[in-house]
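Just so you know, all these numbers are worked out from the coordinates, no wet-lab data involved. Remember, it's a predicted structure, so these values are computed and weren't measured experimentally. Here the Cβ positions follow ideal geometry from the backbone for every residue, glycine too, while neighbour counts run over all protein chains shown.
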Amino acid sequence: MEGGGLSVTHLELEETDQKILDLLFRGLSDAVIARRLGLGHRTVQRRVGNLMRRLSVSGRVALGAKAQELGLFCNKPGC
């Protein structure tokens, strides 16, 4: 792997991050995601920012597109 970046093929997400991605992809705001998951608004904002950095994208739309491309959405019952 060049440049010391994270290899996307080795990207592992916590269950919470997967749920955030799924809700984000459905078009929900950080505030709504926070309420649904029982998290603080700033916690969701921080996690979304961290996900964008990990996937090397800027913006929520690009994050959703990249996550879909990589098959990172939670597709288990209850997500």
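In a Debye calculation with equal point scatterers on the alpha-carbon sites of the range 7-60 and no solvent, what is log10 I(q)/I(0) at q = 0.13, 0.26, 0.31 Å⁻¹?
These q points yield log10 I(q)/I(0) values of -0.29, -1.08, -1.39.
Determine the sum of side-chain charges near ALA67: Lys and Arg each +1, Asp and Glu each -1, restricted to other residues whose C-beta is under 15 angstrom from that of ALA67. Write down the numbers at each step before the final one.
On the way: positive: LYS19, ARG26, ARG47, ARG53, ARG54, ARG60, LYS66; negative: GLU12, GLU14, GLU15, ASP17, ASP22, GLU69.
Around ALA67, the charge tally is +1.
Please compute the net charge surrounding GLY40, taking Lys and Arg as +1 and Asp and Glu as -1 over other residues with Cβ under 14 Å from its Cβ.
Result for the neighbourhood of GLY40: +4.
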